[in-house]
1. Can you name every residue in the stretch 114-131 that is more than 13 Å from residue 103 (Cβ to Cβ) and over 15 Å from the mean Cα position of the chain (by Cα)?
2. What is the residue count in the stretch 14-36 for residues that are under 23 Å from residue 58 (Cα atoms) and either open to solvent by less than 70 Å² (accessible area, probe 1.4 Å) or small (Gly, Ala, Ser) (or both)?
3. When both residues are 6+ apart or on different chains and their Cβ atoms are under 8 Å apart, which pairs have a first residue that lies in the stretch 19-45 and is farther than 17 Å from residue 78 by Cβ and among the aromatic types (Phe, Trp, Tyr), and a second that is assigned to a loop (DSSP other than H, G, I, E, B) and open to solvent by less than 70 Å² (accessible area, probe 1.4 Å)?
4. On the basis of being of a type in the set (Val, Ile, Thr) and open to solvent by 50 Å² or more (accessible area, probe 1.4 Å), does residue 10 make the cut?
5. Can you say whether residue 48 is among the β-branched types (Val, Ile, Thr) and without any contact (Cβ under 8 Å) to a residue 24 or more places away in the chain, as far as the supplied structure shows?
6. Quick one: what pairs do we get from the stretch 106-129, first residue within 15 Å of residue 141 (Cβ to Cβ) and touching a residue at least 12 places away in the same chain (Cβ under 8 Å), second aromatic (Phe, Trp, Tyr) and open to solvent by 40 Å² or more (accessible area, probe 1.4 Å), C-beta under 6 Å, 6+ apart or different chains?
7. Within the stretch 63-74, restricting attention to residues that are open to solvent by less than 40 Å² (accessible area, probe 1.4 Å) and either among the charged types (D, E, K, R) or within 10 Å of the chain's Cα centre (by Cα) (or both), which residue is nearest to residue 108 (Cα to Cα)?
8. With under 16 Å from residue 100 (Cβ atoms) and out of contact with any helix residue (DSSP H, G or I) (no Cβ under 7 Å at 6 or more places or on another chain) as the only criterion, which of 39, 56, 26, 80 stands out?
Amino acid sequence: FIIAIGDNFVREKIAERIEKLGGENNTFFSKFSRQGNYNHLHPKGNIIMHDVNITNNVTLGIGNIIYYKTILSHNQQVGNYNLISGSVLVAESVIENYCTIGFGSKIMANLTIGSNSTIGMGTMVIKDIEANSVVAGNPAKLLYKKEG
């Protein structure tokens, strides 16, 4: 099965329930996307859409949805159940779990996006983002903190 509905937390709960019933959470990797060498893409529950470019030495956890035109540059670490939409993640950044990264965002090198954070559409992230943050703008500014 492949799950592409609900928010990051809902997708995880649905996957857990279907797996308990004996389902296998597969990964879909579009033939129109590219990946480099030495990547560690977890074979469980990821959806890699068309025109995604995953360069060398990228680690991708479970249950991520990577949308059209996303670039994951070298030495990225992407946790579990994230949604990344048409963004550019420059080298050696860490995206923890349950993050949503809006279309056209850019995450600069050597940064960490904390768990359960939301990056608004078109945002330029130039410093670490704490967990449970909602940020937007150029450069990214904290709009508010989510309940934890």
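The values are calculated or read from the model by the stated rules, or taken from the named source; none is laboratory data. What you are looking at is a predicted structure, and each value in this text was computed from that prediction instead of being measured. Positions of Cβ are backbone-derived with ideal geometry, glycine not excepted, and every protein chain shown enters the neighbour counts. Only protein heavy atoms, including side chains, enter the accessible area calculation; ligands, DNA and RNA are left aside. Shrake-Rupley method; radii C 1.70, N 1.55, O 1.52, S 1.80 Å.
1. Initial filter on the stretch 114-131 (more than 13 Å from residue 103 (Cβ to Cβ)): 114-117, 124-131.
If the condition is that a residue be more than 13 Å from residue 103 (Cβ to Cβ) and over 15 Å from the mean Cα position of the chain (by Cα), then 124, 126, 127, 128, 130 are the ones that fit.
2. So the first thing to find is which residues in the stretch 14-36 are under 23 Å from residue 58 (Cα atoms), and the list is 25-36.
Going one step further and asking which of them are either open to solvent by less than 70 Å² (accessible area, probe 1.4 Å) or small (Gly, Ala, Ser) (or both), we end up with 25-27, 29-30, 33, 36.
Within the stretch 14-36, residues that are under 23 Å from residue 58 (Cα atoms) and either open to solvent by less than 70 Å² (accessible area, probe 1.4 Å) or small (Gly, Ala, Ser) (or both) number 7.
3. 32/51
4. Values: of a type in the set (Val, Ile, Thr): yes; open to solvent by 50 Å² or more (accessible area, probe 1.4 Å): yes.
Yes, satisfied.
5. Details: among the β-branched types (Val, Ile, Thr): yes; without any contact (Cβ under 8 Å) to a residue 24 or more places away in the chain: yes.
Spelling it out, residue 48 is indeed among the β-branched types (Val, Ile, Thr) and without any contact (Cβ under 8 Å) to a residue 24 or more places away in the chain.
6. 121/103
7. Initially, the stretch 63-74 is screened for residues open to solvent by less than 40 Å² (accessible area, probe 1.4 Å), giving 63-66, 70, 72-73.
Then keep just the ones that are either among the charged types (D, E, K, R) or within 10 Å of the chain's Cα centre (by Cα) (or both); that gives 63-66, 70, 72.
Working: 63: 23, 64: 20, 65: 20, 66: 18, 70: 14, 72: 11 Å.
Here the answer is 72.
8. On the way: 39 fails: under 16 Å from residue 100 (Cβ atoms); 56 fails: under 16 Å from residue 100 (Cβ atoms); 26 fails: under 16 Å from residue 100 (Cβ atoms).
Unique residue meeting the criteria: 80.
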